[in-house]
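Written out below as structure tokens is the structure these notes cover.
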Amino acid sequence: MVEEEKKEKVAKPKKMADPAAVSIDPATQEMLAQAQKLGIDTIFDRAVTMRPCNIGMQGTCCKMCAMGPCRLPLPKAGIEGEDTRKGLCGATANTVAARNFARMVAAGTAAHSDHGRAVAEVFLSVARKETDDYTIKSPERLLQIAPYFGVATTVEVDGEQLDRDFDEIALEVAEKAVAEWGKPEGELCYLKRAPEPLYERWKKLGELPRNIDREVVEIMHRTTMGVDQDYKNIVKQCTRCSLSDGWGGSMMATDFQDVMFGAPSPLHSEANLGIMKEDHVNIIVHGHEPVLSEMIVAAAQSREMLDYAASKGAKGIQLGGICCTGNEMLQRHGVPPAGTFLQQELVIITGACDAMVVDVQCVFQNLANVAKCFHTKLITTHPIAKMEQDNVIHIEFDEHHAMEDAKRIVTMAIDNFENRGAEVMIPKHKAVQIAGFGVESIKYHLGGTFRGSYYTLNDNIINGRVRGVAGVVGCNNARTRHNEAHITVVKELIKNDVLVLTTGCNGIACAMHGLLTPETAQVFCGPGLAEVCETVGIPPVLHLGSCVDNSRILLAATEVVKAGGLGKDIRDLPAAGSAPEWMSEKAIAIGQYFVASGVYTVFGYHMPLEGAPVLKDYLYKELENIYGGMWDCEPDPIKHAQKMIAHIDKKRKELGIDKARERVLMDMADRQALEA
Ligand code: BF8
């Protein structure tokens, strides 16, 4: 009998995800069904069979030492009177949850900033003329940022200011930038890019980051067993560390990528799995650091490689992106993203992916198992990110012979084209998009070349056509329905005349669902925002790039403050932040620097704070008194957007711009009267 029971158990069919229930995207649904037909498990199925740990979800599992893990779940009946929960050492639920939260901030900051460091180091090689493969494509950006590093761009000769030697400027900036990760004293150079009251607040609070590595290290020290036991003091260090990300490592990643690869400007592209082509060699770049992918784009466009592809019977080479390397290639070259974070396995399951090239971050280890079922060459390229499976090829990138590495990879993909199996299925779905916005292009489109400022945007916010601005960013999460919260939040915001700035996987999701074209304004926007978008020809959702490019959102907000009429600090602006489907530690670092920069920031899904209600209250309420920004969490996407809109309205009221203004058409006599 026992044996029979056992057999029955084994024979039970494995639980699988329902494609329509786990994604709103038809391409994802089709490919998931195909994966299930082929018996290949994906993250969607694994999310069904593995449930998350309830105590970890609450943020109150402490595994900082070998006496634990100490688990401090909230009692089912709640807490009446004193909260007596404590770990073996006496750590309270607040301390445990704050330490876990802080370690996420440290990990997120480390990831973005190590990416920034790698880019800055490549730039140093360029400035030292050690590589021919990379050059300076945007000298303007370099001259723009040089003063923040204390590097002069002019030199006085006989009482006259003359342009300084450009190579000298480049080298000095590169050396100063690389030092930002470990300089022994002082503060990060970019902090003074923030509006003055914001910088002064951080200074008064003693939260100016000293150097990037130190702030990450200090979190690791403070949160190890028996050190910082005051949740407010831990959160303070979270701020200092996260600022070294947003106003440090991430901002430098953005800037030096712009300097070397060119500052993005709006361009046309497409998005979703349907960008792959059956008769082309398909190469997918995935990860976050774009240094090698830049070379892959150049190699794939070279006559030599195109001819070689033709000789193997391919009609061309189709590049596509996943995650933020995809966003980087999109914003500078128009390379279409094949999908978001959750679609990475599906790209291979099309059977048409001849090579997937990965660098760092957000890469599933299961890609190697999926690749085993197809002809796909899975290539890791970064010394800090290898895979244990033996079908994975490692080609380590080196900036000194970057083009050689890139050509080797592209050649490998072309050679693999003829090895495709019979199971090729590329979903038809794709959407067009306009991407590649940045601080300057917003200025150009909304301010005009003549004005060259954010004045027109501010004017439209003041007159109420644009109710406010929202930064909606971040990941997909397999615990929520793929893209549903992203799209619902964004649609609700633009319906209510809120202009949306997007990055990361939210940007890809918005592109896939057709929200990144000027034409969508008429369909989805409130009348005010629709009028502005139509007049200047921009989409109501502006794609600003990858997750390190959230620094562009900080700088855009700073430009709005500078343009005047909307307060003196980011905290005064009718603006809010959101990550509807977050999953990465990087999102927590971003959230903390948004909050500490004065932005009300709402996360979807859940936050690992429910087990520590006092800490939660501190982050969701008290931080507003300190920074003007605070955290919030709302899984329901409509309520999520409505909370952001309520905050925007609160700020409009504080600014005295909450009443609809009558639009008066002035004639010449009226104007003359005004001038008099
Ligand atoms: O850095 S949004 S899933 S890809 S972590 Fe990863 Fe999240 Fe996507 Fe970009 Ni950002």
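The values are calculated or read from the model by the stated rules, or taken from the named source; none is laboratory data. Everything quoted here is computed from the prediction, not taken from an experiment. Quick reminder, even Gly has a Cβ in these numbers, built from the backbone with ideal geometry, and neighbours come from all protein chains shown. Calculation scope for accessible area: heavy atoms of the full protein, side chains included, ligands and nucleic acids excluded. Shrake-Rupley method; radii C 1.70, N 1.55, O 1.52, S 1.80 Å.
See the values below:
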quantity: Surface share of carbon and sulfur [accessible, 1.4 angstrom probe, percent] for segment 93-261; calculated: 49
quantity: Under 5 Å, built H, 5+ apart or other chain: amide partners of GLN433; calculated: SER269, GLU270
quantity: Shape category assigned to segment 273-419 from the gyration tensor of Cα positions, a/c cut at 1.5; calculated: rounded
quantity: Probe 1.4 Å, accessible area per residue of the chain, Å²; calculated: 40
quantity: Over the chain, equivalent-ellipsoid semi-axes from the Cα gyration tensor in Å; calculated: 37, 33, 28
quantity: DSSP beta bridge pairing in segment 273-419, given as percent antiparallel to the nearest 5; calculated: 5
quantity: Net charge of neighbours whose Cβ lies under 12 Å from the Cβ of ASN477, counting Lys and Arg as +1 and Asp and Glu as -1; calculated: 0
quantity: Net charge, GLY629 excluded, C-beta distance under 13 Å - Lys, Arg +1, Asp, Glu -1; calculated: 0
quantity: Karplus 3J(HN,Hα) series, Hz, for segment 139-152 with 6.51 cos²θ - 1.76 cosθ + 1.60 (x for Gly, Pro); calculated: x, 4, 5, 5, 5, 5, 8, 3, x, 5, 8, x, 9, 6
quantity: Using a Förster distance of 22 Å, the FRET efficiency for GLN161-GLU140 (Cβ separation, nearest 0.05); calculated: 0.75
quantity: When each of LYS562/LYS651; LYS129/LYS192; LYS377/LYS407; LYS430/LYS586 is checked by Cα-Cα distance, pairs over 20 Å; calculated: LYS129/LYS192; LYS430/LYS586
quantity: Accessible surface of segment 282-322, 1.4 Å probe, proportion on carbon and sulfur as whole %; calculated: 50
quantity: Accessible surface, 1.4 Å probe, highest first, among residues ARG408, ARG164, ARG46, ARG99; calculated: ARG408, ARG46, ARG164, ARG99
quantity: Nearby aspartates and glutamates by direct alpha-carbon distance to LYS428 (threshold 15 angstrom, same-chain neighbours under 8 apart not counted); calculated: ASP25, GLU30, GLU270, GLU278, ASP279
quantity: Residue-by-residue Karplus 3J(HN,Hα) for segment 565-572, coefficients 6.51, -1.76, 1.60, Hz, glycine and proline x; calculated: x, 10, x, 10, 8, 4, 4, 7
quantity: Between segment 344-383 and segment 521-564, the Cα center-to-center distance that results, in Å; calculated: 34
quantity: Label-reachable residues, segment 370-389, where backbone N falls under 14 Å from a point 7 Å from GLU396's Cα toward its Cβ; calculated: 380-387
quantity: GLU289, GLU278, GLU585, GLU624, reordered so the largest accessible area comes first (probe 1.4 Å); calculated: GLU278, GLU585, GLU624, GLU289
quantity: 20 Å Cα-Cα reach of LYS232 towards lysines, excluding residues that sit fewer than 8 places from it in its own chain; calculated: LYS86, LYS203, LYS204, LYS616, LYS621
quantity: FRET efficiency for LEU655 and GLU388, using Cβ-Cβ distance with R0 set to 56 Å, rounded to 0.05; calculated: 0.50
quantity: Potential extension, LYS621-GLU175 segment - 0.36 nm per residue separation minus Cα distance; calculated: 156.4 nm
quantity: Stretch gain in nm, segment GLN642-ALA66, where the contour uses 0.36 nm per residue and the Cα spacing is subtracted; calculated: 202.9 nm
quantity: Additional length obtainable on full extension of the chain from VAL536 to ASP18, 0.36 nm per residue less Cα span; calculated: 182.2 nm
